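Structure record follows, encoded as structure tokens.
Computed from the coordinates by the stated procedures, all read-outs in this text should not be read as laboratory data. Treat the numbers as computed from the prediction; the structure is a model and nothing was measured. Reconstructed Cβ throughout: ideal geometry from the backbone, glycine too, with neighbour counts over all protein chains shown.
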Amino acid sequence: MTTLERLGADDLRLVVGAFRDALKAHKEGINRLNVYPVPDGDTGSNMALTIESVAAELDETDGDLGIVCKAIGHGALMGARGNSGVILSQILRGLTQTLAAAPDEQVDGPLLAEALDVAAKGAYEAVGNPVEGTILTVIRVAAEGATAVAQSGSSLVDVLDAARTSGYEALANTPEQLEVLKAAGVVDAGGTGLMLLIDAFLLVVDGRELPAASVTEAVADAGHLDELQLIAHGGEGHEGGGIADLRYEVMYLLEAPDAAIAAFKDVWAGIGDSIVVVGGDGLFNCHIHTDDIGPAIEAAIEIGKPSKIRVTDLLEEVEEERWVRDAEAHPEPEPDATPVTTAVVAIATGEGIKRIFHSLGARVLTGGQSMNPSTAQILEAVEAAPADHVVILPNNKNIIAVAEQVDATTSKTVRVVGTKGIPEGFAALMAYDPDADIGDNAADMATAAANVLAGEVTQAVRDSSCDVGPIAEGDFLGIARDGICAVAPSVADATIGLLEHLLTEDHEIVTLITGEGSSDAETRKVLLWLAEHHDAVEAETHHGGQPLYPYFLGIE
């Protein structure tokens, strides 16, 4: 392959395609580079989904370099997912805004170096509290390397080589800048994904092969940092990096005057961290980690119009693709179309869980910790319900704020019973009467849900620590609504530890909902412990089929 001296519109399309393919190949390895102990890694997924949006926009676009650059920037803004995706979108916007001005629609080495510099500065400006040792450091140092070479009039491939060398050196050094990465034996995941963009440029410009995904996986699974000779890998750069940090990720698109954004960022600075606000010309993609979901959304309402609101519980989130596969393999039962006074829409995943909700009279919408349905999707389910009055059971903290937006978008009367998990949802439906009015139903269901203590058990994906003590990769974690309360080497022992934390003499019923990772033997061990230590408590078990959580449990 002949080395290119200039990049045109078609070449830039090829770069996007190569970057998309690289992220798709490395996605799982990047996801596993997560410094939290619970299985919530989705940096690779978020970056891959972001670039998929860019590629889809390009598929609908014909035209010169300026049009291609505009499509890349717009696709990145609209499709950004998660903190890493939002920062990546700002980097792509900075790049393309500069490249669009190329003389004769041909990009040379100096212009590409300038574009990398603009992208780096824009990324830092977009983040409310920039932290070194993250994707920000990697793009900045890569741009500095490219600029140093470009000043001597070097070629396009020389500029890219310099960016690659500098960027990977910065990536390999991220554990020295963030203690949480060093303790986990990894480097920054967002930076890992970003460097694949430089590799994609080199594939198109000089015919270089893309790095093998096996290198990312080796670092993620065994901490082989010595294998970063050509590729670097790591955790996403969570500011502070602990399980007790800010709990929720709030994202939305915001239509607002550009002049109001500075004050908006100041408001957000008082309620959260990991703040990223990117965009311009009246449209912004906004991201924050916070414990205060309501104020994070209200700040947008005060200056403009938020849309596509997404709230994710950072403790509980799981990979979205898993939920999608579950939904495809186990579609919801055909809902009952018989008209009722009050209908219920319940959001859930796991074939057993969905079947139980259906049997209790609810229409089921697939969703969970990381696959949060949009307002539009919940609205569609509400409109399809055979009643003018509909109760929504979110069954997840992440989804409550979005569900509460539905009432204002439909002529139907909608009430949200703020169930935070599956056990609360089951309890709420036990109080549901399809022939009663919505006010009585909502009140009775909320009371029933509030009388349930809920928890869950999952497995740690890496070493960490919590208030209970140290966590080793592979340990099982018993998690109550207020955090981790049990750490044990077996799923049964973690479940028993969780029950010890939650059960009192006043409780009468324990419901175990079994999911992937549970077994009959482990369940028997838990039930025998209950019989020995709480013989007055009645135990019930149900097959839920939920991924990554061997047990959900509810106590009444």
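Extension gain, A56 to E176, is 39.4 nm, computed as 0.36 nm per intervening residue step minus the present C-alpha separation.
Scanning residues 5 or more positions from T458 or on other chains, those with amide H under 5 Å from its amide H are L477, I479, with H placed 1.01 Å from N in the peptide plane.
Protection proxy ranking for 491-504, 43-56, 191-204, 113-126, using the average of other Cβ atoms within 10 Å per residue and placing the highest first: 191-204, 43-56, 113-126, 491-504.
Summarised as an ellipsoid, segment 9-227 has semi-axes of 26, 19, 16 Å, derived from the eigenvalues of the Cα gyration tensor scaled by 5 and square-rooted, with the largest first. In the chain, the ratio of gyration radius to Kirkwood radius, Rg to Rh, stands at 1.01 when only Cα atoms are counted.
Applying 0.36 nm per residue to the separation of S359 and D535 and subtracting their alpha-carbon distance, the gain on full extension is 60.4 nm.
Computed from the C-beta positions of Q151 and K305 and an R0 of 45 Å, the FRET efficiency is 0.50 to the nearest 0.05. The C-alpha atoms of the chain define a longest principal axis, and helix 375-384 lies at about 40 degrees to it. The convex hull defined by the C-alpha atoms of segment 453-555 has an orientation-averaged projected area of 5.9 nm².
Taking amide H atoms as placed 1.01 Å from N in the peptide plane, the amide H of H543 lies under 5 Å from those of T514, each 5 or more residues away in sequence or on another chain. For the chain, DSSP calls about 70 percent of its internal beta bridges antiparallel.
Converting the Cα gyration tensor eigenvalues of segment 371-480 into ellipsoid dimensions via √(5λ) gives semi-axes, longest first, of 33, 17, 10 Å.
The charge dipole of the chain, taken about the Cα centre with unit charges on the Cβ atoms of Lys, Arg (+1) and Asp, Glu (-1), comes to about 680 debye, rounded to the nearest 20. Computed from phi, the 3J(HN,Hα) profile of segment 385-393 under the Karplus parametrisation 6.51, -1.76, 1.60 (θ = phi - 60°) reads 5, x, 7, 8, 10, 9, 9, 9, 10 Hz, with x in place of Gly and Pro.
Thinking of segment 23-118 as a set of Cα atoms, what percent of all their pairs are more than 23 Å apart?
When every Cα pair of segment 23-118 is considered, 33 percent fall beyond 23 Å.
Taking 0.36 nm per residue of sequence separation and removing the Cα-Cα distance, the E473/Q106 pair yields an extension gain of 127.1 nm.
Computed FRET efficiency, Cβ-Cβ of L503 and E5, R0 51 Å: what is it to the nearest 0.05? Efficiency, rounded to the nearest 0.05: 0.10. A protection proxy built from the mean count of other Cβ atoms within 10 Å ranks the segments 272-280, 146-154, 60-68, 353-361, most packed first, as 272-280, 353-361, 146-154, 60-68.
Taking amide H atoms as placed 1.01 Å from N in the peptide plane, the amide H of I509 lies under 5 Å from those of E538, E556, each 5 or more residues away in sequence or on another chain. Across segment 248-313, the fraction of Cα-Cα pairs farther apart than 15 Å, rounded to a whole number, is 40%. In this rough spin-label picture, where each label sits 7 Å from Cα along the Cβ direction, the V267-T165 distance is 4.9 nm.
List residues of segment 376-403, by number, whose backbone nitrogen lies under 19 Å from a label position 7 Å along Cα→C-beta of A337. Taking a point 7 Å out along Cα→Cβ of A337, the residues of segment 376-403 whose backbone N falls under 19 Å are 380-389.
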